[in-house]
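Let me begin by presenting the structure, written as structure tokens, before commenting on it.
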């Protein structure tokens with residue numbers, strides 16, 4: 001019976017590699033995001049001398065939005081792979097992000113929510129910059145959605161804080 005249990009545990013442990021293709025797919029998504037970023041640059045740069053200041057700001061916010069989405073993808077790719085599949089063997093490479101290998105699942109969730117809140121805030125700012133072309137109802141729902149993301153982030157951080165305190169109390173006794 002012990003051999004069956006050990007065999008089952010080896011299969012279950014090896015199943016983590018089924019997640020690896022998901023992270024490869026996210027790398028493809030990151031490449032597509034880069035393509036869209038370059039497309040935005042190529043579309044907008046030839047007209048930069050003829051645009052209004054508000055249009056320039058909205059365009060810059062779009063680029064920031066794409067950049068934040070790319071950062072979010074990298075966080076998910078690196079942290080998810082390291083937390084659920086295997087440690088990345090990059091040694092002490094000078095370009096290794098300081099947080100790499102140190103973000104646990106709780107930290108990953110908080111970074112995700114923080115990134116989503118930042119992306120939502122930029123979308124909302126873009127709406128306010130172009131308020132003439134957005135209905136009151138669309139603006140209302142964007143504000144509601146943003147506030148929902150903010151509240152979710154605060155509640156998630158609070159739950160992690162409470163869980164950390166409970167763990168500390170449990171380990172202290």
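Please work out which one of (1) modelled with pLDDT under 90; (2) in a helix (DSSP H, G or I); (3) touching a helix residue (DSSP H, G or I) at 6+ places or on another chain (Cβ under 9 Å); (4) farther than 24 Å from residue 35 by Cα is the condition residue 103 fails and give its number.
Condition not satisfied by residue 103: (2).
Please tell me if residue 61 is surrounded by 15 or more Cβ atoms within 10 Å (Cβ to Cβ), closer than 20 Å to residue 34 by Cβ and modelled with pLDDT of 90 or more.
no
Collect the residues in the stretch 121-173 that are exposed (fewer than 10 other Cβ atoms within 10 Å of the Cβ) and not in a helix (DSSP H, G or I), keeping them in residue-number order.
135, 173
Which residues, taken from the stretch 71-120, are closer than 17 Å to residue 24 by Cα, buried (at least 16 other Cβ atoms within 10 Å of the Cβ) and within 12 Å of the chain's Cα centre (by Cα)?
Answer for the stretch 71-120, where residues must be closer than 17 Å to residue 24 by Cα, buried (at least 16 other Cβ atoms within 10 Å of the Cβ) and within 12 Å of the chain's Cα centre (by Cα): 72, 73, 75, 76, 77, 78, 79, 80.
How do the pairs read when you match residues in the stretch 26-54 that are in contact (Cβ under 8 Å) with a residue 24 or more places away in the chain with residues anywhere that are not in a helix (DSSP H, G or I), using Cβ under 9 Å and keeping only pairs 6 or more apart or on different chains?
Qualifying pairs under 9 Å: 54/130.
The values are calculated or read from the model by the stated rules, or taken from the named source; none is laboratory data. Note that the coordinates shown come from a computational prediction; the quantities given were computed from them, not determined experimentally. Cβ: placed from backbone, ideal geometry, glycine included. Neighbour counts: every protein chain shown.
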